[in-house]
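Shown next, in structure tokens, is the structure this report addresses.
The values are calculated or read from the model by the stated rules, or taken from the named source; none is laboratory data. These numbers come from a predicted model, not from an experiment. Cβ: placed from backbone, ideal geometry, glycine included. Neighbour counts: every protein chain shown.
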Amino acid sequence: MSAVEAAARPRRNIELVLLVLALVVGIGANAMTSINQGLSLGNDFWMQSAIMAVASLAVHIALRFRAKYADPLILPIVVALNGLGVAMIHRLDTASTPVADYGDVQARWTVVGMALAIGVILFLKDHRMLRRFTYISLILSAVLLVLPLVPGITAGDVNGAQVWIRIGPASFQPGEVAKITIGIFFAGYLSTNRDLILLAGRRLGKLQLPRFRDLGPMIVAWLASIGILIFQHDLGMSILFFGIFISMIYVATSRASWAILGIVLMFLGAMASSEIFPHIRLRIDGWINAFDPEVFGRQYGGSYQIVQGLFGMANGGLIGTGMGQGRPDLVPFAHSDMIIAAFGEELGLVGLFAIVVLYALLVTRGMRAAIGARDAFGKLLACGLSAGIGLQCFVVMGGVTRLIPLTGLTTPFLAAGGSSLLANWIIAALILVISNAARRPIDTTPLGPDETPAAIPPSSAPSAHRGGPAETTKTQVVKQQ
Amino acid sequence: MNELTLTFLRLGFLVLMWVLVFSIVGAMRRDLAVGRRNKTGAPTPRQVRKNPELAEPPARQQAHHLVVVEGPLAGTSMPLGESPILLGRAQEATLVLEDDYASGRHARLFPQGSRWFIEDLGSTNGTYLADRQLTRAQPVELNAPIRIGKTVIELRP
């Protein structure tokens, strides 16, 4: 389907080398904290580093066996980010009194996340299988998004947003998983109905309008994202869903006018909601007038958090104070929402940019998998999931650096939060599976003179959407040195 | 540990982060060569020495022109170069077929070794080489008819 081809090589050894380097970065950050604070590296440190290394090597080995041609760069990037996150959360634990154990919890969730990623790699042979669950995914997303509002399992209003559920002692943020299911739904729906949305319908001047019934499910999804905003007070998640929606519809239809329309709608929605909801108005006020003493000191919805983060990053300067040498703990929620500010303080602009570049590379690898994918569903899914990661980073980093109002989203792989980590590891595994399908060589060697091409039964009229020959082409490993 | 060592370690860690970034960029550099000729099929000299059957067949008369013999564009001729040719109704196709029975991106002609191959790109109505439907890439001999919708194309020397 695509004219883009790269020489097919597994490149798993390069992945191994980069993975070791990534582990050195992650574990090194952890060690630097102890060294800088003049502490010796205890048993806990070695134990945790070993577990982290073994778990990520296990993912690598799973890739060797089941997804030989998967992109070799995604795993090292993700492991480096995750390792840095765990190190920073550990470092923040040591600063809090009494000593918290978010770091240990995060390390535990990392292992669970990696185990889930291995599960996805082992059991999802072909990402196109997910397409069967298009509508189930829509229902699942709706259920997941409504769960935090259901009395009995809701965790109530946590820090101004109602996005958590609590079952027994465990709490979970179902919206994070909904990110994946909604991606699967959009990809499945758009890859099936793309032509209908594009071509059927009225023309209004230069704008081709789709028929209402073709867009019905999409409008439901849009309403869902507005619903999150209204009922759960979660601005970040709402922007994320809507952003994934717009980027996927843009990629599916290549109509810039719709993307622009969507962005205008988003701005209108944000403006309207800032008029209606006081907490969003306060957020925007805290963003524009952050340094106003009155806003700074406000009890609820003030700018104390953002400004403390900015002070921290200013303190870090170009090369930072060094792990364990700054005071990132002065920022509220430094281990989750504001972890970027903590990195800015302790690793400085140089270190923070390295993290930003790692994210950028991760997103480009996802997009590369989308370009190379041979089926529309895989293209859209890889594209939507990686656009989601990119958008999430933008919303968080933009908020922390006061480019846009601060909204409560987690930084993928870095911030403390089990549900976010699990969801992101599943996303990474999905992108790996799609990239494996994209980079796997197709057999283009000519048939022998005696061979006849396999007969195609006339009933299965090949079509680009239903898995014609281009999608089911027999694949075999091409002999290569 | 004294102050100097700590400073070196601190800077060293930042350098390490960028070493990781640049090794990743270095590893992906190769992959960014988009659309370059795919070398998967061409055997290396060493492989040829090991299994002689991999060697290219002796040079035969090469195709230098593509001619449309039937269909709306009948009579059109275009020279063949080194680059693959996309056939279809899409505007980005190398040869834009104004054929209602052709798909947007219908098929691809690409050179490999001394021969041209045709590959169907998942078209709706299929591509036929000498009245046989293509299921995977196949070499195109001179004057062999390639049928796409109502259009028939042949390669000429």
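Couple of notes before you dig in:
- Answer residue from region A:289-344, given it is within 27 Å of A:L421 (Cβ to Cβ) and among the acidic types (D, E) and is surrounded by the fewest Cβ atoms within 10 Å (Cβ to Cβ) among those: A:D329
- A:A387 being part of a helix (DSSP H, G or I), of a type outside the set (S, T, N, Q) and within 14 Å of another protein chain (Cβ to nearest Cβ): no
- Verdict on A:I89 being surrounded by fewer than 21 Cβ atoms within 10 Å (Cβ to Cβ) and not small (G, A, S): no
- Filtering region A:334-353 to residues that are in a helix (DSSP H, G or I) and away from every other protein chain (no Cβ under 12 Å) leaves A:I339, A:I340, A:A341, A:A342, A:G344, A:E345.
- Flag if A:A115 is more than 20 Å from A:D329 (Cβ to Cβ), more than 14 Å from chain B (Cβ to nearest Cβ), touching a residue at least 60 places away in the same chain (Cβ under 8 Å) and not hydroxyl-bearing (S, T, Y): yes
- Some residue of region A:353-363 being under 16 Å from the mean Cα position of the chain (by Cα) and farther than 30 Å from A:S34 by Cα: yes
- When restricted to residues that are surrounded by 20 or more Cβ atoms within 10 Å (Cβ to Cβ), on the phi < 0 side of the Ramachandran plot and either part of a strand (DSSP E or B) or modelled with pLDDT of 85 or more (or both), region B:87-102 contains 2.
- Check on B:D120, of a type in the set (D, E, K, R) and at pLDDT below 85: no
- Subset of region B:103-138 (residues that are within 17 Å of B:K150 (Cα to Cα), in a strand (DSSP E or B) and acidic (D, E)): B:D120
- Residue within region A:298-305 that is of a type in the set (S, T, Y), farther than 26 Å from A:G243 by Cα and not in a helix (DSSP H, G or I) present: yes
Every residue, every condition in (1) at pLDDT below 90; (2) buried (at least 22 other Cβ atoms within 10 Å of the Cβ), yes or no:
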residue	(1), (2)
A:A50	no, no
A:A58	no, no
A:I61	no, no
A:P76	no, yes
A:A80	no, yes
A:D104	yes, no
A:A107	no, yes
A:G113	no, yes
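Here is a yes/no grid of residues against (1) farther than 17 Å from A:L190 by Cβ; (2) under 28 Å from the mean Cα position of the chain (by Cα); (3) at pLDDT 85 or above:
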| position | (1), (2), (3) |
| --- | --- |
| A:R213 | no, no, no |
| A:G216 | no, yes, no |
| A:I226 | yes, yes, no |
| A:L229 | yes, yes, no |
| A:Q232 | yes, yes, no |
| A:T253 | no, yes, no |
| A:S257 | no, yes, no |
| A:G297 | yes, no, no |
| A:G301 | yes, yes, no |
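- Search result, residues across region A:390-405 that are outside any helix (DSSP H, G or I) and in contact with a helix residue (DSSP H, G or I) (Cβ under 7 Å, 6 or more places away or on another chain): A:R402, A:I404, A:P405
Residue-by-condition table, conditions (1) part of a helix (DSSP H, G or I); (2) in contact (Cβ under 8 Å) with a residue 24 or more places away in the chain; (3) small (G, A, S); (4) more than 21 Å from A:A80 (Cβ to Cβ):
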residue: A:F311; (1), (2), (3), (4): yes, no, no, yes
residue: A:L318; (1), (2), (3), (4): no, yes, no, yes
residue: A:P332; (1), (2), (3), (4): no, yes, no, yes
residue: A:I355; (1), (2), (3), (4): yes, yes, no, no
